[in-house]
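Since the structure comes first, as structure tokens, the remarks are kept for the end.
The values are calculated or read from the model by the stated rules, or taken from the named source; none is laboratory data. It should be emphasised that the depicted structure is a prediction, and the values quoted were computed from it without experimental measurement. FYI the Cβ positions are ideal-geometry reconstructions off the backbone, even for glycines, and counts take in every protein chain you see.
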Amino acid sequence: MKSLVTLLLVVSILGCSGAFAQDEAEKQAALASANQNPVANMISVPFEFWHHDGKFGDGFTTIAKPVIPTPVGGMNLINRFIIPYASISGVMNLPDSEFSGAVVDEKGLGDITYQGFLSPANPGALIWGAGLALQMPTASNDALGTNLWSAGPSFLGLTITGKWVLGLLAMNIWDFAGSGDGDVNKMTLQPILSFQLGGGWYLTSTPGITADWTADSGNQWNVPLGGGVGRLQRIGKLPVDLKLVYYNYVEKPDFGPDWSVLFGVKFLIPTGDMKKSMQQ
């Protein structure tokens, strides 16, 4: 009788352990998918460390991109900031600027961009967001910014299918005020492609394709192609995402980089329903 009781206890413990492991795996998978979603109901603090290189010089850029969601009725307002700090040595590519084609050695804060997306709090199969982008003339010197205020619409469409995350972020901004001599009319397209490998590992490609409509026809497009690998893990209870990505530029301005390498670190803080699901 004692042996039978012992056997039942062991089976029960193993069953609970298996259910717990499966539950944790499902939570990890949900968090991994949300990690690739720019409008997820989750505070995130990403830091991107870029190295750009080409025959006309090189540059290093550190970009902080904090994301803070705010509930607004049945919607979420996703507040996203892009804060660049650049160090550039070489020939500048700044159309309609006195620095275009000039050799410079500068470092400092660039122009900060704010993106505000309104997105459904409980989206369906298609996750979407729409809002406004505002670029502010915060650069610490003229070589790193436009000295212009610029704004325009931003849109995001995204779907999560099994292990795949597929989407596109698009925006276009125009200048409307400021003391800069040039004009701003710039489009950004960012495809979002991610595949979950399991165990927190994933493959990713999110190239930032830009078109400067004020430049000459041969210097308008900046088109990087490439990808990399990342892993979502926990440091204590805090989810942290690490990734390494390489891009080669198949189309670029005369003085643009030939290739870039990105190392990213993102700290994740789930909120709202996502936080509750992570704790259950």
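A few remarks follow.
- Of all residues in region 156-186, those being over 24 Å from residue 77 (Cα atoms) and of a type in the set (A, V, I, L, M) number 2.
- Single residue of 44, 17, 97 found to be at pLDDT 50 or above and either surrounded by 14 or more Cβ atoms within 10 Å (Cβ to Cβ) or out of contact with any Leu (no Cβ under 8 Å at 6 or more places or on another chain) (or both): 44
- Yes/no for residue 137 being farther than 28 Å from residue 203 by Cα, in contact with a Gly (Cβ under 8 Å, 6 or more places away or on another chain) and of a type outside the set (Val, Ile, Thr): yes
- Of all residues in region 187-202, those being surrounded by 16 or more Cβ atoms within 10 Å (Cβ to Cβ) and free of Cβ contacts under 8 Å to residues at least 40 places away in the same chain number 5.
Residue-wise test of (1) at pLDDT 95 or above; (2) aromatic (Phe, Trp, Tyr); (3) within 22 Å of residue 223 (Cα to Cα).
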{"residue": "149", "(1), (2), (3)": "yes, yes, no"}
{"residue": "153", "(1), (2), (3)": "yes, no, yes"}
{"residue": "163", "(1), (2), (3)": "no, no, no"}
{"residue": "167", "(1), (2), (3)": "yes, no, yes"}
{"residue": "179", "(1), (2), (3)": "no, no, no"}
{"residue": "182", "(1), (2), (3)": "no, no, no"}
{"residue": "187", "(1), (2), (3)": "yes, no, yes"}
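- The number of residues in region 203-221 being touching a Ser or Thr at 6+ places or on another chain (Cβ under 9 Å) and without any contact (Cβ under 8 Å) to a residue 60 or more places away in the chain comes to 9.
- Under the condition of being outside any loop (DSSP other than H, G, I, E, B), closer than 25 Å to residue 223 by Cβ and among the charged types (D, E, K, R), the residues counted in region 237-257 number 2.
- Leading residue by the ranking (surrounded by the most Cβ atoms within 10 Å (Cβ to Cβ)) among those in region 105-130 that are among the aliphatic types (A, V, I, L, M) and farther than 26 Å from residue 147 by Cα: 127
- Scope region 161-199; condition closer than 30 Å to residue 238 by Cβ and over 18 Å from the mean Cα position of the chain (by Cα); matching residues: 161, 162, 163, 197, 198, 199
- Residue within region 57-72 that is modelled with pLDDT under 85 and surrounded by fewer than 19 Cβ atoms within 10 Å (Cβ to Cβ) present: yes
- Residue in region 159-186 that is surrounded by the fewest Cβ atoms within 10 Å (Cβ to Cβ), counting only those that are without any contact (Cβ under 8 Å) to a residue 40 or more places away in the chain and among the charged types (D, E, K, R): 163
- Restricting attention to region 175-230, the residues that are on the phi > 0 side of the Ramachandran plot and not in a strand (DSSP E or B) total 2.
- Being over 20 Å from residue 252 (Cα atoms), surrounded by fewer than 16 Cβ atoms within 10 Å (Cβ to Cβ) and either of a type in the set (Ser, Thr, Tyr) or in contact with a helix residue (DSSP H, G or I) (Cβ under 8 Å, 6 or more places away or on another chain) (or both) is a property that residue 140 has.
- Residues located in region 222-237, provided they are modelled with pLDDT under 95 and under 24 Å from residue 170 (Cβ atoms): 222
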